[in-house]
Structure formats: C-alpha cells, structure tokens
C-alpha cells in the first residue's frame, strides 16, 4: 500500500513537471516605499530604491512563480515645523515573493501576453539606516498583487505590496507602521 501511494504520487508529480512550462526570469528594477503611519508634524515621502534578482515560473495558463531579489527601499521624512534636515530611512535586504498567476492574454510561448498575479512575500533585513535608533524587525511579511506584460522574450511587471508586519519592534517608542511598496522591474524570459 505504501509503495502504491509513493508510486502514484511520483507519477503525478512527474506528469505535472513534464507538462509544465518552465521560464527563468532574471530582472532589474526600481521601487518606491513609504510607511503606513501618518507623521504628526511631518510627512513620509517615497524615494527611488532598486532591486535585482529573478524568479522561476512553472506552468502554462495558471502558473506558480517563486523569486528572490536583493532590494534597497528608501523613504524620506520631511518635518514641516522644523528647519532641520530631512531624514532618510533606508532598508536593504532580501525579498522573497511567491506568486500564483494567470495568463489573461496569450500563453507562455506567445509573442505577446498579459498576466495578473499575487501572493505572499517575505523581506529579510540585511542592513538599515534608520535615524530614530529604534530596533527594526529583521523579517517582515506581506502580500502583493500585480500585472505583467510579455513582448517576445522581454517582460515588464508592476507589483504593489502591503506589509503585514510593523517595521519597528517596539511601537511604543517609535511607530512608523508598516511599509507599502510599489515595485517595477523588467527582464528577459528564458524558456526551458
């Protein structure tokens, strides 16, 4: 019975693998991030950050796409009531998105395609410049939704991400809230 189960499972998985289209997608792009809490005397403004990395897409009409990106997010705090210099909040780390997507127009081998996708993500902090001196969570989790456009082997994607985790560990001392980010990147699709 145990062998029959494992044989059946391996047969199903190998069939899915053989029928699935696989695409490697290296990419580079920019991002804009800000915080969810309203500042009492100032304003958080998104500044341009960057990301570089890639993902691997498995599937045809519906697809599964895990990825990994090195990301730098930058947000500026401008105090309206003070003559002091504006403060920059920089967070650098590894972003791991896991998307489930749907090809709306075209398919994995089409010259033109339009896709939508969404899923969970994790951000693992590697370095920070946070002027308040407060402790920052080393990992944060979020959800995202986006759309992609494929033209031959080139693709462009835009993703909006909502963090589910507060940035600060101790929100009683400093509470900037959760991050919100817009990611735009482009790359090539290498079909296998």
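The values are calculated or read from the model by the stated rules, or taken from the named source; none is laboratory data. Since the structure is predicted, the reported quantities are computational estimates derived from the model, not experimental observations. Please note: Cβ atoms are built from the backbone with ideal geometry, for glycine as well, and neighbour counts cover all protein chains shown.
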Completion exercise
Looking across segment 108-130 at residues that are loosely packed, with under 13 Cβ neighbours inside 10 Å and either part of a loop (DSSP other than H, G, I, E, B) or touching a helix residue (DSSP H, G or I) at 6+ places or on another chain (Cβ under 8 Å) (or both), the single one that is modelled with the lowest pLDDT is 109
Handout entry: Residue in segment 168-179 that is at pLDDT below 85, over 16 Å from the mean Cα position of the chain (by Cα) and part of a strand (DSSP E or B) present
Key = yes
Completion exercise
In the set 66, 97, the lone residue that is surrounded by fewer than 16 Cβ atoms within 10 Å (Cβ to Cβ), under 14 Å from residue 122 (Cα atoms), in contact with a strand residue (DSSP E or B) (Cβ under 8 Å, 6 or more places away or on another chain) and at pLDDT 95 or above is 66
Problem - Flag if residue 59 is crowded, with 17+ Cβ neighbours inside 10 Å, modelled with pLDDT under 95 and either within 20 Å of residue 49 (Cα to Cα) or within 22 Å of the chain's Cα centre (by Cα) (or both) - result: yes
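Would you confirm, using the coordinates I've provided, whether residue 142 is part of a strand (DSSP E or B) and at pLDDT 95 or above? Even if it seems obvious, please write down each step before you answer.
Details: part of a strand (DSSP E or B): yes; at pLDDT 95 or above: no.
So residue 142 fails the test.
Considering only residues that are surrounded by 15 or more Cβ atoms within 10 Å (Cβ to Cβ) and under 15 Å from the mean Cα position of the chain (by Cα), which ones fall in segment 42-56? Steps first, please.
First, the residues of segment 42-56 that are surrounded by 15 or more Cβ atoms within 10 Å (Cβ to Cβ): 42, 44, 46-47, 49-51, 53-56.
Scanning segment 42-56 gives 49, 50, 51, 53, 54, 55, 56.
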